[in-house]
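First the structure, in the form of structure tokens, and then the observations on it.
What follows is calculated from the coordinates using simple rules that are stated; it is not laboratory data. What you are looking at is a predicted structure, and each value in this text was computed from that prediction instead of being measured. Using ideal geometry, Cβ is built from the backbone for each residue, glycine included, and neighbour counts are taken over all protein chains shown.
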DNA sequence: GTATTATCTAAGTCT
DNA sequence: TAGATAATAC
């Protein structure tokens with residue numbers, strides 16, 4: 001088969017450029033994955049040893065799919081010898097091989113964000129610092145960005161700029177926490193996500209023999225989604241590829257959406273400085289979407305200042321315009337989406353799997369779900385609370401982690417008294433302090449507890465029993481396969497019976513089923529052929545845990561490749577495509593996020609996110625926003641996103657005005673009505689139009705400051721009868737706070753007592 | 001040491 | 001609203 005025949009001219013050039021550095025700027029839907037896949041197939045076809053190719057993808061799922069595709073293209077299974085996966089998983093693999101060089105055992109644990117936060121909380125407490133000032137997520141974010149820029153704890157403390165910035169913000173102990181955090185991780189023989197990349201850099205920097213070993217082994221490097229790499233990842237690639245510079249990077253600056261976790265767009269913009277002889281290719285033909293979708297996407301992204309110029313075009317049909325809907329509440333938005341899907345399924349014979357509903361935040365999935373459930377539409381949510389982050393699953397996994405690496409303190413603390421065996425907080429605290437004093441891991445202390453009893457004898461005996469149990473499990477690590485050992489552990493640790501007896505409660509049933517699901521997943525894993533170690537070898541529990549440590553939601557295999565509508569965040573949708581795409585919650589402070597409004601750069605990232613969302617669509621895209629939304633238990637009013645005002649009207653089928661006229665004619669304030677009059681809407685002859693001289697964005701600003709009917713809320717008094725959009729008639733029971741914080745407790749005839757922020761509630765006074 | 005109840009507070013995207 | 005933590009009772 002001639003591989004090149006199936007590519008357009010520019011794609012062919014990119015594929016044929018096998019030697020030297022090249023950068024492929026690939027617009028959305030331009031066949032980026034296709035080029036990567038074909039390039040690897042082309043290399044293999046030309047006799048390059050698959051073992052010498054390293055391909056770094058954004059998800060492990062993408063790697064798997066690409067690998068399968070390459071196998072088909074080269075008609076050989078040798079394609080599986082290409083090293084393909086995410087940065088984190090590929091380099092975790094290399095770190096395990098080389099672990100002793102950097103002073104880690106090869107069974108080191110990978111800590112997730114929860115583990116990391118938990119350590120930081122403990123450090124803050126032990127150091128008697130204020131946990132409001134040193135919030136775990138903030139501290140971790142600071143440490144993370146230091147690591148992504150290859151600044152070690154020692155370097156951090158010696159960097160006057162960083163330490164001064166911390167002092168100025170009242171967080172002078174940040175550097176100390178960083179130091180203690182790293183000590184804690186090392187004692188627990190554990191690395192966090194950033195350490196995987198940081199330590200890879202240390203390995204390649206400080207051990208020239210190791211660097212040379214991998215430079216000799218890998219001759220071709222391909223990096224997907226290069227716009228989302230951070231400095232640490234950039235340096236790894238640069239070091240490894242330095243020998244022969246056969247480096248291909250593929251990316252699209254317009255789709256860079258991970259700056260918040262350290263992605264550096266300069267990696268793509270400055271690549272030609274590192275490689276002056278860089279070959280650059282631009283893929284601009286879109287094969288995915290209709291002209292309308294491509295057109296509106298181009299119009300959106302053109303509002304950003306920073307970008308590499310390109311013109312995305314398509315030969316596809318014009319298609320339908322992009323539909324814009326608005327609803328009164330988040331629940332109604334869910335129903336509307338469900339109804340629309342239902343109609344399209346009927347009218348166009350579409351399948352459930354052709355639909356995706358994309359949102360900015362995971363919390364939005366709830367109202368959408370409700371709508372789908374009511375219409376009996378099958379759906380599947382990706383992200384949110386994933387299977388592996390459920391409590392009961394984490395408890396079981398903690399046992400596995402502890403058996404594999406007993407120094408893993410987070411795991412130890414999680415299970416030492418689960419199921420309850422009478423080892424309470426007091427004993428554990430004493431032991432932790434002692435272990436700290438001796439500068440050894442908690443497990444090391446427990447192992448020598450017999451000769452050094454510092455706690456009550458009875459507690460010490462129970463602990464000894466626990467230690468012996470874990471030791472016994474450890475003996476089976478390489479003897480039993482993953483499933484046999486996992487089952488053995490759940491039975492003998494008491495987890496199984498504890499869960500079995502808790503089945504009476506509703507929650508318990510689900511937990512028990514989840515445990516069974518975990519075990520059956522492990523069983524499936526155990527029974528897979530182990531082609532890497534060869535026949536006769538078993539797949540161990542350690543291997544299973546390595547498999548899931550860097551498991552992402554996008555990697556989740558669809559159990560049954562059944563028919564369902566896909567729900568996910570826009571971030572998670574990167575790289576995917578669907579015939580029908582719904583983008584919901586286009587509201588100011590939600591999308592763009594409230595937290596992104598501080599800088600132009602952040603808003604541009606949100607806009608790129610919007611661009612990514614729109615360009616997932618093949619046939620049709622539906623946009624919607626709601627005028628109110630439940631957040632943390634209370635109703636908040638919302639205005640349409642600024643991105644809606646930016647939409648180019650020629651591509652839009654605006655359905656919002658119908659709703660305004662039919663749905664809520666009485667309660668609407670004039671300010672709200674005005675906000676609907678966005679510029680693409682044709683003024684009706686009998687309507688008063690906002691003066692042209694005032695730009696729409698200014699109009700919105702003034703409105704959000706004083707337009708939200710504070711006029712009425714200020715005169716509300718206890719005892720008044722009031723009307724609320726959602727709850728109806730009610731009586732004010734109490735009032736507290738002033739200005740923006742003014743709250744009321746209102747008893748509603750139909751929905752009972754509610755606490756409302758007057759700023760948002762827009763109560764209407766019925767009777768004084 | 002454990003179970004129950006009361007109080008507090010969170011704001012986002014992901015490896 | 002919900003999950004985590006603190007306070008209280010047993």
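Odds and ends about this structure:
- Shape class of region A:364-485 from the Cα gyration tensor (axes a ≥ b ≥ c, square roots of the eigenvalues): prolate, since a/c reaches 1.5 or more and a/b is larger than b/c.
- Between the C-alpha center of region A:78-96 and that of region A:436-487 there is a gap of 33 Å.
- Region A:219-271 versus region A:345-359: alpha-carbon centroid distance in Å: 35
- The distance between label points at residue A:543 and residue A:302 comes to 5.5 nm (points 7 Å beyond Cα on the Cα→Cβ vector).
- The label-point distance for residue A:766 and residue A:594, in a model that sets each label 7 Å from Cα toward Cβ, rounds to 3.0 nm.
- Computed from the Cβ-Cβ distance with R0 of 56 Å, the FRET efficiency linking residue A:287 to residue A:209 stands at 0.75.
- Ranking of A:718, A:237, A:202, A:249 by count of other Cβ atoms within 10 Å, fewest first: A:718, A:202, A:237, A:249
- Available extension along the chain between residue A:243 and residue A:487 is 83.1 nm, counting 0.36 nm per residue and deducting the alpha carbon span.
- In percent, rounded to a whole number, the relative contact order of region A:165-287 is 21, using alpha-carbon pairs under 8 Å and six or more apart.
- Net length gained if the chain between residue A:51 and residue A:348 were fully extended (0.36 nm per residue, minus Cα distance): 102.3 nm
- Backbone N under 15 Å from the residue A:440 label point (7 Å along Cα→Cβ), restricted to region A:171-205: A:187-188
- With all projection directions averaged, the alpha carbon convex hull of region A:1-80 covers 5.3 nm².
- For A:461, A:372, order by how many other beta-carbon atoms lie within 10 Å, fewest first: A:461, A:372
- FRET efficiency for residue A:279 and residue A:517, using Cβ-Cβ distance with R0 set to 30 Å, rounded to 0.05: 0.05
- Extension gain from residue A:4 to residue A:78, taking 0.36 nm per residue of separation minus the Cα-Cα distance: 24.6 nm
- Label-point gap, in nm, between residue A:420 and residue A:112 - each point 7 angstrom along Cα→Cβ: 2.7
- Short-range pairs are left out: with C-alpha atoms under 8 Å and at least six residues apart, the relative contact order of chain A is 14 percent.
- Shape of region A:589-634, Cα gyration tensor, a/c cut at 1.5: oblate
- Cβ-based exposure ranking for A:196, A:445, in which fewest neighbours within 10 Å come first: A:445, A:196
- Relative contact order %, region A:309-415, counting alpha carbon pairs below 8 Å whose residues are six or more apart: 22
- For chain A: rounded, prolate or oblate by the Cα gyration tensor [a/c cutoff 1.5]: oblate
- Radius of gyration, Dmax [region A:34-87; alpha carbons; angstrom]: 9.8, 27
- Cα point-scatterer Debye curve for region A:400-546, base-10 log of I(q)/I(0) at q = 0.14, 0.20 Å⁻¹: -0.77, -1.21
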